[in-house]
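None of the figures in this text is laboratory data; all of them are computed from the coordinates on show. On a predicted model such as this, the values are computed, not experimentally measured, just so you know. When we count neighbours, we look across all protein chains shown, and the Cβ atoms used for this are built from the backbone with ideal geometry, even at glycine.
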Amino acid sequence: MPDLAPIVLFVYNRPEHTRRTLDALAANPLAIESDLIIYADGPKRPEDAAAVQQARDVARGAFGFRSVRLIEREKNLGLANSIIMGVSDVCSARGRAIVVEDDLLVAPQFLTFLNRGLERYADEPSVFQVSGYMFPVMAETSSDGLFLPLISCWGWATWQREWSQFEPSATGYKQLERDPRLRARFNLDGNYDYFGMLKDQIDGKIDSWGVRWLLSVFLKGGVVLYPRTSLVQNVGIDESGTHGAGLAVLQGDMDIDADVARCYENWPSEISVDMDVLDRVKRVLSGSQSHPVIRLIRRLLK
């Protein structure tokens, strides 16, 4: 396998979550060949300073990687700006990046799947992202992956060519506002109000890089490569998190039993959306807004 993509980890004020995330990453066979770049955001409030420092101490002790670099922000950028700036810097310097936040546990095959996907689809302009997370639906395919027109925020990777098309200003919002048919497609045929989230972003009610990245990929007609079963589990939706505190976690089981030596070479025969799986995702998303799955997906993008 060619030079592996750098792992970009974003941490803030949760030292134990950071420790678990680092341990899970280091358990990947490819970790020892991968560079780890950790961005530690600055404290938002004075009372956060102690926990921020503890998380940085944990990050500073990371091992099991080819190299570890810790970048400590003096000021608080917030999660959205921190991710946008960090991913932009690493993609610009290295051409690609694997992105992880401090509340994710990844399976031992996580780095293999993402690196293989990055290599396989490096020259395919319609593929904007490789995801380690998979929605809690059954994927009846013999391939190692499938394509969906939805971005992922939980353990993912991209290339400089695709990330350079990200529009943080969400200029495409006006286009959706004017075109009801396009807006309906963006909302998955009315199954989920992504446009409402985008409007909240424009109005300053939320600060989501995810919904802006979704808009950028959608307007370019892009797709995302997903694994058949999830290689990521979120363990941070509890009282410790900045976003989504207290929400129940309801997600598919993480695939931890697969052969760690799996090569992930059985890719889809063509780059096209798996409509059966997309229909199942739509059914999940179309449930009541108070359903734990729906609140979980909202956490995904916020």
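Summary table below
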item: At most 10 other Cβ within 10 Å, DSSP loop - GluC sites (Glu not before Pro), the stretch 142-239; result: GLU239
item: Those chymotrypsin sites (Phe, Trp or Tyr not before Pro) in the stretch 1-104 that DSSP places in a loop and that have at most 14 other beta carbons within 10 Å; result: PHE63
item: Per-selection Rg to Rh, the chain - Cα, Kirkwood hydrodynamic radius; result: 0.94
item: Cα-based shape type of the stretch 18-175, given that a ≥ b ≥ c are square roots of the gyration tensor eigenvalues and the cut on a/c is 1.5; result: oblate
item: Within the stretch 39-142, GluC sites (Glu not before Pro) in DSSP loop having at most 12 other beta-carbon neighbours inside 10 Å; result: GLU74, GLU140
item: Computed FRET value (nearest 0.05) for SER269 with LYS220, which takes r as the C-beta separation and R₀ as 22 Å; result: 0.45
item: Additional length obtainable on full extension of the chain from GLN53 to ALA184, 0.36 nm per residue less Cα span; result: 42.7 nm
item: Residue pairs, from the table LYS44/LYS220; LYS199/LYS282; LYS44/LYS282; LYS174/LYS205; LYS199/LYS220; LYS44/LYS174, whose Cα atoms sit over 29 Å apart; result: LYS44/LYS220; LYS44/LYS282; LYS44/LYS174
item: The stretch 158-203 versus the stretch 63-137: alpha-carbon centroid distance in Å; result: 22 Å
item: For the chain, share of DSSP beta bridges that run antiparallel, in % to the nearest 5; result: 40 percent
